[in-house]
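*Asks:* The structure is given below, and queries will be raised subsequently.
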Amino acid sequence: MQANLCTFGLIPSPHSGEQALLFIFWQQITGKFYYITLLRDPVSRYLSEWRHVQRGATWKTSLHMCDGRTPTPEELPSCYEGTDWSGCTLQQFMDCPYNLANNRQVRMLADLSLVGCYNMSFVPEKKRAQILLESAKKNLRDMAFFGLTEFQRKTQYLFERTFRLRFIRPFMQYNSTRAAGVDVDNDTILRIEELNELDMQLYDYAKDLFQQRYQYKRQLDRREQRLRGQAQFPLFRGRIDLQPREEGGGGEEPARLPTEDYMNHIINRW
């Protein structure tokens, strides 16, 4: 079935009021709701948000609700005075210690109630960071689907195989983004990585998990193709069985097998 507005809908979740990071996917065919997300390389994402803010974007309407309340001005100070932060330099953007762009992906995927929401004195800083990172990993792991913007075609493949839908057009990989047009030196990149250390760790974890899921779906596809071939040509079944197709041919690295934990998660939950 081809995917269109009649078969599913994407609704930004209440937690993603600042930026469209977390979505609720509704599949009309099954009547089920799923949390899904798209992650991005942390440095590119950070630079993109800076350019967005520099043009005058704000998230003043975001309530940052957590445990039934909004943070106090002392818990979440503003990085600027006035109506917006338009025209801010990258250095100013990086220098604000309250900038919610720092580690945004971890913060928006984690359960903030585990660390007292925006109360920074609730848990020691290092412990807080570790709790948030592990919570974000768990929530990502529990999602039926997530994608990576740097791998558009694989993201489309996983989405279509997970929800048994087909997009009318293939995803396009656009590398010429606003973030790509920013000329920054190595020291600045290192500083951005430092400010987004948790996001860097989450993204490394996400890439590994994403590849496991992709390889798992590819293996299922190959198995189904072999079974269909055997059903169509039963006389050659023995020959096909004796000469299985070798994984990872053509100079590619051997396909990494998905972990038992992920296989059980797919079988038991989805």
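The values are calculated or read from the model by the stated rules, or taken from the named source; none is laboratory data. No experiment lies behind these values; they were computed from the predicted model shown. FYI the Cβ positions are ideal-geometry reconstructions off the backbone, even for glycines, and counts take in every protein chain you see. For accessibility, only protein heavy atoms count, side chains too; no ligands or nucleic acids. Shrake-Rupley method; radii C 1.70, N 1.55, O 1.52, S 1.80 Å.
*Asks:* Taking the stretch 40-64, which residues are in a loop (DSSP other than H, G, I, E, B) and more than 23 Å from GLU125 (Cβ to Cβ)?
*Replies:* Answer for the stretch 40-64, where residues must be in a loop (DSSP other than H, G, I, E, B) and more than 23 Å from GLU125 (Cβ to Cβ): ARG40, ASP41, ARG55, GLY56, ALA57, THR58, TRP59, LYS60, THR61, SER62, LEU63.
*Asks:* OK, next. Could you list, in sequence order, the residues of the stretch 53-65 that are open to solvent by 50 Å² or more (accessible area, probe 1.4 Å) and in contact (Cβ under 8 Å) with a residue 40 or more places away in the chain?
*Replies:* Of everything in the stretch 53-65, those that are open to solvent by 50 Å² or more (accessible area, probe 1.4 Å) and in contact (Cβ under 8 Å) with a residue 40 or more places away in the chain turn out to be TRP59, THR61, LEU63, MET65.
*Asks:* Also, quick follow-up: In the stretch 180-213, how many residues are open to solvent by less than 70 Å² (accessible area, probe 1.4 Å), touching a residue at least 40 places away in the same chain (Cβ under 8 Å) and under 14 Å from the mean Cα position of the chain (by Cα)?
*Replies:* The total comes to 11.
*Asks:* Could you check, for the stretch 86-99, whether at least one of its residues is assigned to a loop (DSSP other than H, G, I, E, B), among the hydrophobic types (A, V, I, L, M, F, W, C), open to solvent by 30 Å² or more (accessible area, probe 1.4 Å) and closer than 25 Å to ALA129 by Cβ?
*Replies:* No, the stretch 86-99 contains no residue that is assigned to a loop (DSSP other than H, G, I, E, B), among the hydrophobic types (A, V, I, L, M, F, W, C), open to solvent by 30 Å² or more (accessible area, probe 1.4 Å) and closer than 25 Å to ALA129 by Cβ.
*Asks:* Now for a different question. Pairs under 7 Å by beta carbon, first residue over 27 Å from ASN119 (Cβ atoms) and small (Gly, Ala, Ser) in the stretch 66-90, partner open to solvent by 50 Å² or more (accessible area, probe 1.4 Å) and part of a loop (DSSP other than H, G, I, E, B), six or more apart or different chains?
*Replies:* As it stands, the answer is SER86/ARG55, since those pairs meet every condition given.
*Asks:* Of all the residues that make up the stretch 110-162, how many are under 17 Å from the mean Cα position of the chain (by Cα), buried (at least 18 other Cβ atoms within 10 Å of the Cβ) and of a type in the set (Phe, Trp, Tyr)?
*Replies:* Residues flagged as under 17 Å from the mean Cα position of the chain (by Cα), buried (at least 18 other Cβ atoms within 10 Å of the Cβ) and of a type in the set (Phe, Trp, Tyr) within the stretch 110-162 amount to 4.
Here is a yes/no grid of residues against (1) modelled with pLDDT under 95; (2) closer than 24 Å to THR149 by Cβ; (3) in contact with a His (Cβ under 9 Å, 6 or more places away or on another chain):
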{"residue": "THR30", "(1), (2), (3)": "yes, no, no"}
{"residue": "LEU38", "(1), (2), (3)": "yes, yes, no"}
{"residue": "VAL43", "(1), (2), (3)": "no, yes, no"}
{"residue": "ALA57", "(1), (2), (3)": "yes, yes, no"}
{"residue": "MET65", "(1), (2), (3)": "yes, no, yes"}
{"residue": "SER86", "(1), (2), (3)": "no, no, no"}
{"residue": "GLN91", "(1), (2), (3)": "no, no, no"}
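*Asks:* Is it the case, given these coordinates, that THR72 is modelled with pLDDT under 90 and outside any strand (DSSP E or B)?
*Replies:* So THR72 does not fit the description; no.
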